[in-house]
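Reviewing the structure listed below.
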Amino acid sequence: MTDKGKIIETAHILKGAQKLVVLTGAGVSKESGIPTFRDALEGLWAKFDPQELATPQAFRRNPKQVWEWYTYRRNLAAQAEPNPGHIALAQLEQYHPQLVVITQNIDDLHEQAGSHDVIHLHGKLMENRCFKECRGYPTIITAEQIADDEHIPPHCPYCGEYVRPNVVWFGEMLPAAVLERAQDLAFHCDVMLVIGTSGLVTPAASLPLWAKQQGANIVEVNPDDSMITRYANIKLDGPSGEIIPKVLEAMSQIDDT
Ligand code: BJW
């Protein structure tokens, strides 16, 4: 099938979906200037493997280094704006007002683009919590609470332990309620649109597989092949900032009469 044919078929599948769910990964934010997790980071951080830094062990070993890595990424994210892929996904709500976007991303570009229901599987980059969870999980620490603490990383105002970003590192459980809701959506959708993920990291990578096992159509958007590609019903090759707006445009041209 031609690329145009695949876009049109995708438009029909998405428009006809009873329960559409979107799963996104780092690729959807790449055109906003946020490097994907497995892209080599540039400059100062190029010599570090992100998989070595995103762990509680790394934070215990070298809290300053991990904190500074997140500061670098927070600065990048603060300058980033939603790209046409985020915006087109938010506009999908005109066809599916209850649309849920399940994202592995810790940025808030889906929300900035106007998506109303976004599930963050791996937490939120701009939030902090106590490393000891001294007041229960999660012990969120606001920016005001650490504004006067110049130490890197700052200290928890309740117990004095270090403060860490409110994200999910390797070897940590995903927040139970968040994972349960995502699993439920995967089990009950009839179409899952999977965008910009390598599909290497579980349990997020299992969501499209569970959906597929329940009979859902899987549509993937990714310029490269991923762990999802082999069982996707349709694979759209290309950057999401180009592909998703084209799908939305094709949806608008479907005659409903
Ligand atoms: C485009 C594009 C464009 C480019 N348009 N697309 C062995 C030992 C220990 C643990 C494990 C183990 N084996 C398995 C595990 C479990 C582990 C895991 O999966 N590890 C794998 C690496 C093997 N998972 C966990 O530990 C999870 N917890 C858990 O399972 O708890 C139970 C348990 C505990 C202990 C032991 C076993 C089980 C937690 C996972 C947390 C992941 N956290 C991170 C960091 C978040 C904070 C941060 O960002 O700093 O989340 S890791 C990182 O990967 C980040 C991402 O959300 C996640 C997924 O990455 P994603 O989004 O797929 O990005 P990339 O970069 O991989 O891919 C980008 C894609 O975009 C590519 O395909 C490009 O082609 C594409 N692309 N441009 C569209 N323009």
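The selection criterion, being open to solvent by 60 Å² or more (accessible area, probe 1.4 Å) and within 15 Å of the ligand (Cβ to nearest atom), does not hold for Asp39.
Among the residues making up segment 150-182, those that are away from the ligand (no atom under 13 Å from the Cβ), out of contact with any Pro (no Cβ under 8 Å at 6 or more places or on another chain) and not aliphatic (A, V, I, L, M) are Glu150, His151, Pro154, His155, Cys156, Pro157, Tyr158, Cys159, Gly160, Glu161, Glu180, Arg181. Each residue in segment 230-243 was checked for being in a helix (DSSP H, G or I) and more than 9 Å from the ligand (Cβ to nearest atom), and 2 of them qualify. If you filter segment 181-199 down to residues that are part of a loop (DSSP other than H, G, I, E, B) and under 17 Å from His96 (Cβ atoms), you find that the one that is most open to solvent (accessible area, probe 1.4 Å) is Asp190. The listed residues are Val66, Val101, and the only one of them that is touching a helix residue (DSSP H, G or I) at 6+ places or on another chain (Cβ under 6 Å), crowded, with 19+ Cβ neighbours inside 10 Å and under 28 Å from Glu150 (Cα atoms) turns out to be Val66. Val178: among the β-branched types (Val, Ile, Thr), open to solvent by 20 Å² or more (accessible area, probe 1.4 Å) and modelled with pLDDT of 95 or more, yes or no? Considered against the rule, which asks whether it is among the β-branched types (Val, Ile, Thr), open to solvent by 20 Å² or more (accessible area, probe 1.4 Å) and modelled with pLDDT of 95 or more, Val178 comes out as yes.
The set of residues in segment 200-218 that are crowded, with 16+ Cβ neighbours inside 10 Å, within 15 Å of the ligand (Cβ to nearest atom) and either touching a residue at least 40 places away in the same chain (Cβ under 8 Å) or under 22 Å from Pro56 (Cβ atoms) (or both) comprises Val201, Ala204, Ala205, Leu207, Pro208.
The values are calculated or read from the model by the stated rules, or taken from the named source; none is laboratory data. A quick note: this is a predicted structure, and the numbers were derived from the prediction, not measured. Note: ideal-geometry Cβ built from the backbone for every residue, glycine included; neighbour counts use all protein chains shown. Surface areas here come from the heavy atoms of the whole protein model, side chains and all, with no ligands, DNA or RNA. Shrake-Rupley method; radii C 1.70, N 1.55, O 1.52, S 1.80 Å.
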